[in-house]
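Take a look at the structure set out below.
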């Protein structure tokens, strides 16, 4: 960090006293000058009195929340760089925050190194805009999710990129294993973009033979081949004015790659058997489970087409890499199939959920959806047990010692780790006197008991 960065003032806004103090400790170690606000109202008063280059605010607070703090900071015209924190990450929140002008949106618990990196980027951004703080406010659009579920850090990154892609007219490449929800991402981009209300046309490029796919995409004229009894408009033209989603783009042949490149470069196409071109205005969102960079290097995919498609790229994590989202996904599918089957299936047993968490899910969310549907269809109780799930899930579940939680045990300390250590140290310093510990920590006894229960701290000092 440069000397100029180290002198930057940061306003930290959080209604949790321990979190505020820990954030100040972390940021002051990095050389920033930190001021604290215990509520949205206090933050607004401070923002109206003085200028803060960086504002780091929790979203969920009583009365005025973090979004209100962000809006107030924008009103001042000081160009403050705002970062919002939340323990309840969602696509809606990420899109709203970014559309309102937040620099970034981070989910709790976050790793200290990650937070430092975000603050460092914010400091550099402040320098880049200092003296030019009249940028127009981003356009607000109505948020639509349509099935994207999860609040893990990896999914939050997906949501943030998705939000920025929705505000752009550029082409997007979605990368991810089969079953990760690539079409859901494409639909969410479309439905939160200027093209919402226009057509969204999806094509699975891997499901059709080359000649049939060419006709489907570009259309044909009467008599162009056997069976072409009349003119037919292609799906690219059907999507005119809207969005074309090309799934499994890595499967198209070199000849079709050339024709698609012309559409992207010239905004025009030529139907099969026609000598005339037709103008089109379509945004392309492509998706693939293949390694397109490898296909480019081996000459199987055109480099120019690759870069035309990959203006913005979104990489969807496999389910095994976001296993903390599994309970939310299970709840969603459970409600869906309980209603479909008219069954009062309410939840999954603890050992059933443990089984689901230790399975690798090679088919990702699609496989999970199938497993829940099968379990709901087969059960005759209101609770799903391990034996209700497909045999391959039962056979493939890892021993508990090799579970996702075990595999992540070496991850570097998070803010929650620091908070737990801080509470234990204060308790030890006051010989586990809970009243004195509450005073030192700046929280009431009820909050201390809640945090002790959350972190597994024995308040008796045993």
Touching a residue at least 12 places away in the same chain (Cβ under 8 Å), assigned to a helix (DSSP H, G or I), within 30 Å of residue 364 (Cα to Cα) and assigned by TED's automatic domain parsing to the domain that holds residue 208: which single residue out of 295, 326, 261, 244 fits that description? 295
Taking the stated definitions as given, is residue 315 surrounded by fewer than 17 Cβ atoms within 10 Å (Cβ to Cβ), on the phi < 0 side of the Ramachandran plot and either more than 17 Å from the chain's Cα centre (by Cα) or modelled with pLDDT under 90 (or both)? no
Looking only at residues in the stretch 402-432 that are outside any helix (DSSP H, G or I) and touching a helix residue (DSSP H, G or I) at 6+ places or on another chain (Cβ under 8 Å), which one is modelled with the highest pLDDT? 430
Looking for something in contact (Cβ under 8 Å) with a residue 40 or more places away in the chain, touching a strand residue (DSSP E or B) at 6+ places or on another chain (Cβ under 9 Å) and more than 21 Å from residue 311 (Cα to Cα) - is there at least one such residue anywhere in the stretch 232-239? yes
Among (1) at pLDDT 85 or above; (2) touching a strand residue (DSSP E or B) at 6+ places or on another chain (Cβ under 9 Å), there is one condition residue 68 misses while meeting the rest; what is its number? (2)
Among the listed residues 217, 212, 264, 244, identify the single one that is modelled with pLDDT of 90 or more and over 17 Å from residue 172 (Cβ atoms). 217
Tell me yes or no: at least one residue of the stretch 194-202 is farther than 29 Å from residue 317 by Cβ and in contact with a strand residue (DSSP E or B) (Cβ under 9 Å, 6 or more places away or on another chain). yes
Tally time: how many residues in the stretch 140-167 are over 27 Å from residue 110 (Cα atoms) and either touching a helix residue (DSSP H, G or I) at 6+ places or on another chain (Cβ under 7 Å) or at pLDDT 90 or above (or both)? 2
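The values are calculated or read from the model by the stated rules, or taken from the named source; none is laboratory data. Worth saying up front: this structure is predicted, and the values here are computed from it rather than measured. FYI the Cβ positions are ideal-geometry reconstructions off the backbone, even for glycines, and counts take in every protein chain you see.
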